[in-house]
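Chemist: Please find one structure pasted underneath; my questions will follow.
The values are calculated or read from the model by the stated rules, or taken from the named source; none is laboratory data. Just so we're clear, the structure is a prediction, and the values are computed from it rather than from any experiment. Virtual Cβ from ideal backbone geometry, glycine too; neighbours counted across all protein chains shown. SASA here: full protein model, heavy atoms, side chains in, ligands and nucleic acids out. Shrake-Rupley method; radii C 1.70, N 1.55, O 1.52, S 1.80 Å.
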Amino acid sequence: MSVTDGLPRVSLAFLPTPVRPLLRLSAELGGPEIWIKRDDQTGLATGGNKTRKLEFLIGSALAEEADCVITAGSTQSNHARQTAAAARSVGLEPHLVLRAAEATASGDDTRVSGNVLIDRLLGAVIHWTDEEAPYVETLQNVRMELQDQGRRPALVPYGGSNATGLMGYVRAAEELELQSDELPSFAAHVFASSSGGTQAGLVLGAHSCAWEIGRPLLLAISIDEIARDLEHQVTRLVAEGTSLLGMGEEVSPERIRVNDDYLGGGYAVVGDPEREAIRLAAETEGLLLDPVYTGRAMAGLIDLVRKGEFSTGEAVLFWHTGGIAALDAFGEVLLRS
Ligand SMILES: *Cc1c(COP(=O)(O)O)cnc(C)c1O
């Protein structure tokens, strides 16, 4: 039973994703017990958090009888790659609007590696653009072009973040609730937040599962937005999700918490904190994090632990939202010491 049961959905992900303790990393840091929810293991063409959103977004595209899907993202968009794979898995043609003018600091051409390599293997039609996120204009143009050709495109928004997509993370909260018998009571959940759908879904899920406000604290580490802007975006998404579910009462704004201390050099700029977090996870746990999102979010968590933000007896849950497919597009900058 899920509050989302009335909505169209297709099954795409391997669920439930596992939850495990990171004992060696926790011991290394000497703070709280850190656990991990493996949403990098959702299974769709190397997985990640967008797969949960796409269960609803593609479900809705099929309900509309679309024959192709359009979405947009940065060059190395994990969302675009998962959308292309999701579309292929149900027989729809994927169209991706990708940002052309994005090179890594090392100057690697990321248009033939990482996620883009997978996009190409999936046979996605790529429409390069110089527009900035959220790529609204190019998306509309591609949609009109396809409609003029007599196609029936479904538009999946940037990041998969609208009321429909965020339902994937409402279900994720419900899923965790069902796993909770075997788990400690977490003081906080820590996760990367960018277009806000993951956070909005968890917030709405926490509300509908009647989790106490502030326990667990749902702590979003912002990847590329100042806290006020991201909180604003999440508030809007939560309101849209509440109305899609026809839920009466409002979700408390206290559930929406964003930390923007770790924006570093900006989106997809790998710095020392990300490099350290990625190496530490790999060397203590054999665990891969990604250069753009989970590396940064884990760097934030490590810093918070070092600052004594959590006590030793507590447990904290880190949501691994995926992104591994981007690693090789950042090779040089990741190996720099
Ligand atoms: C998209 C993405 C996020 C951020 O999720 P939003 O719902 O856009 O906030 C985090 N981690 C990874 C790996 C992603 O691809």
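Chemist: In the stretch 1-106, which strands (runs of 3 or more DSSP E) lie fully inside it and hold 3 or more residues that are away from the ligand (no atom under 16 Å from the Cβ) and either open to solvent by 10 Å² or more (accessible area, probe 1.4 Å) or free of Cβ contacts under 8 Å to residues at least 24 places away in the same chain (or both)? Working first, answer last.
Modeler: Numbers: elements: 19-21, 33-38, 68-73, 93-99.
Qualifying strands (runs of 3 or more DSSP E): 19-21.
Chemist: When the residues of the stretch 150-159 are filtered to those that are under 22 Å from the mean Cα position of the chain (by Cα) and more than 16 Å from the ligand (Cβ to nearest atom), which remaining residue is surrounded by the most Cβ atoms within 10 Å (Cβ to Cβ)?
Modeler: Among residues in the stretch 150-159 that are under 22 Å from the mean Cα position of the chain (by Cα) and more than 16 Å from the ligand (Cβ to nearest atom), the one surrounded by the most Cβ atoms within 10 Å (Cβ to Cβ) is A154.
Chemist: Something else about it: Just for the stretch 284-312: of the residues that are of a type outside the set (V, I, T), part of a helix (DSSP H, G or I) and away from the ligand (no atom under 12 Å from the Cβ), which one is surrounded by the fewest Cβ atoms within 10 Å (Cβ to Cβ)?
Modeler: The selected residue is R306.
Chemist: Mind listing whichever residues of the stretch 160-191 are within 9 Å of the ligand (Cβ to nearest atom) and open to solvent by 10 Å² or more (accessible area, probe 1.4 Å)?
Modeler: If the condition is that a residue be within 9 Å of the ligand (Cβ to nearest atom) and open to solvent by 10 Å² or more (accessible area, probe 1.4 Å), then S161 is the only one that fits.
Chemist: Within the set of pairs 6 or more residues apart or between chains, which connect a residue that is within 19 Å of S193 (Cβ to Cβ) inside the stretch 151-167 to a residue that is among the aromatic types (F, W, Y) and assigned to a helix (DSSP H, G or I) with Cβ atoms less than 9 Å apart?
Modeler: Qualifying pairs under 9 Å: G160/F56; T164/F56; G165/F56; L166/F56; M167/F56.
Chemist: Then there's this: List the helices (runs of 4 or more DSSP H) inside the stretch 107-212, counting only whole elements, that have at least 1 residues being touching a Cys at 6+ places or on another chain (Cβ under 8 Å).
Modeler: Working: elements: 114-121, 136-148, 163-179, 197-208.
Once the helices (runs of 4 or more DSSP H) in the stretch 107-212 are filtered for at least 1 residues that are touching a Cys at 6+ places or on another chain (Cβ under 8 Å), what remains is 136-148, 163-179.
Chemist: Looking only at the stretch 234-254, count every residue that is part of a helix (DSSP H, G or I) and surrounded by fewer than 21 Cβ atoms within 10 Å (Cβ to Cβ) and tell me the total.
Modeler: So the count comes out to 9.
Chemist: Name the one entry in I221, I213 that is of a type in the set (V, I, T) and open to solvent by 50 Å² or more (accessible area, probe 1.4 Å).
Modeler: From the options I221, I213, the qualifying one is I213.
Chemist: For the stretch 268-282, which residues satisfy the criterion of being outside any helix (DSSP H, G or I) and in contact (Cβ under 8 Å) with a residue 12 or more places away in the chain?
Modeler: A268, V269, V270
Chemist: Name the residue that is nearest to L230 (Cα to Cα), counting only residues in the stretch 192-211 that are away from the ligand (no atom under 16 Å from the Cβ) and touching a residue at least 40 places away in the same chain (Cβ under 8 Å).
Modeler: The residue in question is H207.
Chemist: Going by the conditions given, is A315 within 23 Å of R38 (Cα to Cα), open to solvent by less than 60 Å² (accessible area, probe 1.4 Å) and away from the ligand (no atom under 16 Å from the Cβ)?
Modeler: Yes, satisfied.
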